[in-house]
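Colleague: Submitted below is the structure of interest, expressed as structure tokens.
The values are calculated or read from the model by the stated rules, or taken from the named source; none is laboratory data. None of these values were measured; they are calculated from a predicted model. Note that each Cβ is placed from the backbone with ideal geometry, even for glycine, and that neighbours are counted across all protein chains shown.
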Amino acid sequence: MGFRVLIADPLSEEGIAPLLESDDIHLDLGTEWTNQELLERISDYDALLVRSQTQVTRDLITKATNLKIIGRAGVGVDNIDLDAATEHGIIVINAPNGNTNSAAEHTMAMMMALSRKIPQAYLSLKNRQWDRKKYIGIELKNKTLGIIGLGRIGAEVAYRARGQRMNIIAYDPFLSEDHANKLGIKKGNIEDVYQHADFITIHTPLLKETRHLLNKQAFEAMKDGVQIINCARGGIIDEEALYEAIQAKKVAGAALDVFEEEPFYEHQLLELPEVIATPHLGASTIEAQESVAIDVSEDVIRYVHGEAVRNP
Ligand code: NAD
Ligand code: MLT
């Protein structure tokens, strides 16, 4: 039968070609399976490949008695119970580089759409309104962009925002003065970001330390009329606090790609005209999906051949 790999979330067909072409790998698609079916059948597999939909819980891992490797076709591994995987001796790999560009481009698209109220104006026009006064925006040029988390995506956003002639201040506990100088940005602490930024974009992982990082106190410390972009993870923003800050006109607008609970079909934040949103599309480009699927596929093949994996 060979090494049995289950793909539980939709992955790029081109990206999984290396697995399909490999003689010692047997591939199954479980993208239409229910959670119950996944729990019942997971013990048949040596490897499990997911994106962000499938929750790889302790319960699932406990039932996965033959599982050796979990591959996450993307960056964030917050949908995988890493402690449970480690306890069961299962390796977790991800694809940290393949969607960096797409996520950075999506962040810029969201910031520009937010500053010029493009989704709101489009919706109004679709509803047969020609309203030029209501949709006056602000320019990005000479505004300050605060970046929280200056890793792969944060740095790419900084590079692009400089092209928009924005001033950039970034907070990241691991950011050196030297690296900030090379990027042509200012290094600050989180209070500096809150105090100076006209736009704030978040690019940290969702961790214990970053859960509800943007909370009531944080919004209070920001400039009046600040605009927020989150293409990182739901949960980093306290959504209730954001709702209140927008109602109080402290925050002028928010562009959100990610939410605490996903998927959803009703959300109180979407009732606010100041909020624009996409359904977790940051990495949803043909290029990124192909690239992350290739990265995890190749790592699985390396594992099967007894070689060291690249992205443990
Ligand atoms: P990365 O690991 O390269 O960068 C994360 C940075 O956050 C690191 O430099 C780290 O030092 C910093 N950081 C950690 N804790 C921090 C804190 N408390 N305050 C400030 N900075 C902190 O990750 P990345 O590839 O740039 O991805 C960033 C985020 O974007 C992740 O949450 C990832 O899951 C998410 N993401 C979302 C999408 C999407 O579809 N919307 C796509 C790709 C990545
Ligand atoms: C990631 O962390 O890579 C993104 O959330 C993209 C995805 O969901 O695949």
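Yes or no, residue by residue, for (1) touching a strand residue (DSSP E or B) at 6+ places or on another chain (Cβ under 8 Å); (2) closer than 23 Å to residue 27 by Cα; (3) more than 10 Å from ligand 1 (Cβ to nearest atom); (4) not charged (D, E, K, R):
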position	(1), (2), (3), (4)
74	yes, yes, no, yes
78	no, no, no, no
81	yes, no, yes, no
84	no, no, yes, yes
93	yes, yes, yes, yes
105	no, no, yes, no
125	no, no, yes, yes
128	no, no, yes, no
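Colleague: Give 302, 310 a once-over and let me know the one that is among the basic types (Lys, Arg) and outside any loop (DSSP other than H, G, I, E, B).
Modeller: 302
Colleague: Given the condition in contact with a strand residue (DSSP E or B) (Cβ under 8 Å, 6 or more places away or on another chain) and either touching a residue at least 60 places away in the same chain (Cβ under 8 Å) or within 25 Å of residue 281 (Cα to Cα) (or both), answer yes or no: does some residue in region 181-193 qualify?
Modeller: The answer is no; no qualifying residue exists.
Colleague: Restricting attention to region 7-46, report how many residues are within 17 Å of residue 292 (Cβ to Cβ) and either in contact (Cβ under 8 Å) with a residue 60 or more places away in the chain or within 23 Å of the chain's Cα centre (by Cα) (or both).
Modeller: Residues that pass the stated criteria total 14.
Colleague: As an exercise: evaluate residue 310 against (1) within 18 Å of residue 152 (Cα to Cα); (2) within 14 Å of ligand 1 (Cβ to nearest atom); (3) of a type in the set (D, E, K, R); (4) in contact with a helix residue (DSSP H, G or I) (Cβ under 8 Å, 6 or more places away or on another chain) and give the number of the one condition it does not meet.
Modeller: (2)
Colleague: What pairs can you find where one residue is in region 234-247 and under 13 Å from residue 217 (Cβ atoms) and of a type outside the set (A, V, I, L, M), the other is part of a strand (DSSP E or B) and modelled with pLDDT of 95 or more, and their Cβ atoms are less than 9 Å apart, with a gap of 6+ or different chains?
Modeller: From residues that are under 13 Å from residue 217 (Cβ atoms) and of a type outside the set (A, V, I, L, M), the pairs are 238/214.
Colleague: Scan region 51-65 and give yes if some residue there is among the hydrophobic types (A, V, I, L, M, F, W, C) and touching a residue at least 60 places away in the same chain (Cβ under 8 Å), otherwise no.
Modeller: no
Colleague: (1) over 24 Å from residue 16 (Cα atoms); (2) within 16 Å of ligand 1 (Cβ to nearest atom); (3) among the hydrophobic types (A, V, I, L, M, F, W, C): which one isn't true of residue 56, the others all being true?
Modeller: (1)
Colleague: If you don't mind, there's one more thing I want to ask. Out of the residues in region 56-76 that are surrounded by fewer than 21 Cβ atoms within 10 Å (Cβ to Cβ) and modelled with pLDDT of 95 or more, which is nearest to ligand 2 (Cβ to nearest atom)? Reasoning before the result, please.
Modeller: Step one: filter region 56-76 for residues surrounded by fewer than 21 Cβ atoms within 10 Å (Cβ to Cβ), giving 57-59, 62-63, 65-66, 68, 76.
Filter once more, keeping what is modelled with pLDDT of 95 or more: 57-59, 62-63, 65-66, 68.
Details: 57: 17, 58: 21, 59: 21, 62: 24, 63: 24, 65: 27, 66: 25, 68: 22 Å.
Out of the qualifying residues, it is 57.
Colleague: Please give the strands (runs of 3 or more DSSP E) falling wholly within region 66-174 in which 1 or more residues are out of contact with any Phe, Trp or Tyr (no Cβ under 8 Å at 6 or more places or on another chain) and in contact (Cβ under 8 Å) with a residue 12 or more places away in the chain.
Modeller: On the way: elements: 69-72, 91-94, 144-148, 167-171.
The qualifying strands (runs of 3 or more DSSP E) are 69-72, 91-94, 167-171.
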